[in-house]
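Engineer: This is the structure I want to talk about, given as structure tokens.
The values are calculated or read from the model by the stated rules, or taken from the named source; none is laboratory data. Bear in mind that the values here come from a model prediction, so they are computed numbers and not experimental data. All Cβ positions, glycine included, derive from the backbone under ideal geometry; neighbour counts span all protein chains shown. Surface accessibility is based on the protein's heavy atoms, side chains included, excluding ligands, DNA and RNA. Shrake-Rupley method; radii C 1.70, N 1.55, O 1.52, S 1.80 Å.
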Amino acid sequence: HADSTKWYSAKDVKLAWPLPEGITGTGILLDTIPNSTPTVVYTSPISSKEISGVDDGIWYFHVQLRNTNGWGQTGHFRLQIDTKRPDLLTVTEKTRDDFTNPKVQFNVEATDALSGIDYYEVQVDNSPSYIWRDSGSHVFETTALDPGRHVLIVKAFDKAGNSLTDSVEFNVATIDAPVITD
């Protein structure tokens, strides 16, 4: 949980801070309030703390150091934990008039209530998968495909790296051979 702006899928956290000379005590607290004052006091100063099993959500770790002059200012560090996969992923083929069109469009809807959807990994048939980021249209379009039956596999990743997968089968029709009539 080194970056307070990122989401992590680990419930166990280790926090560390510098301990200058002359420190005689440390106060710490983990809660959901951004600017709390620590309530757990260590009379022998500590410079790190491991906390196991922190619940999903946004947390704040607070540290305050004491020297012979008294308590200093409190430092605050934000923790963002999301261990659950996205809530929903639905992939559906968009209605199309021309089944011979080699590029097929799909509606991709995904939600993650806690950290939000970050990106998608898409794969058509056995081709290599690649990253797709939704521009806000929720529409994914394949590259030009050969006629035949295909499978689109979409994996939605939330900002903590948790994922949910959906797939859909679809068909690209062959173009009828031209008939010479004259």
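Engineer: Give the residue that is modelled with the lowest pLDDT, with candidates limited to residues of segment 148-177 that are among the polar types (S, T, N, Q) and more than 27 Å from K11 (Cα to Cα).
Structural biologist: T174
Engineer: Checking P86 against (1) assigned to a loop (DSSP other than H, G, I, E, B); (2) open to solvent by 40 Å² or more (accessible area, probe 1.4 Å), which test does it fail?
Structural biologist: (2)
Engineer: Of all residues in segment 145-160, count the ones that are buried (at least 17 other Cβ atoms within 10 Å of the Cβ), among the aliphatic types (A, V, I, L, M) and part of a strand (DSSP E or B).
Structural biologist: 3
Engineer: Answer yes or no: is there a residue in segment 105-114 that is part of a loop (DSSP other than H, G, I, E, B), surrounded by fewer than 17 Cβ atoms within 10 Å (Cβ to Cβ) and among the hydroxyl-bearing types (S, T, Y).
Structural biologist: no
Engineer: Against the condition surrounded by fewer than 13 Cβ atoms within 10 Å (Cβ to Cβ), farther than 30 Å from S137 by Cβ and among the acidic types (D, E), how does D55 come out, does it pass?
Structural biologist: yes
Engineer: Tell me which of these G72 doesn't satisfy, since it passes every other one: (1) in a strand (DSSP E or B); (2) open to solvent by 60 Å² or more (accessible area, probe 1.4 Å).
Structural biologist: Against the list (1) in a strand (DSSP E or B); (2) open to solvent by 60 Å² or more (accessible area, probe 1.4 Å), G72 comes up short only on (2).
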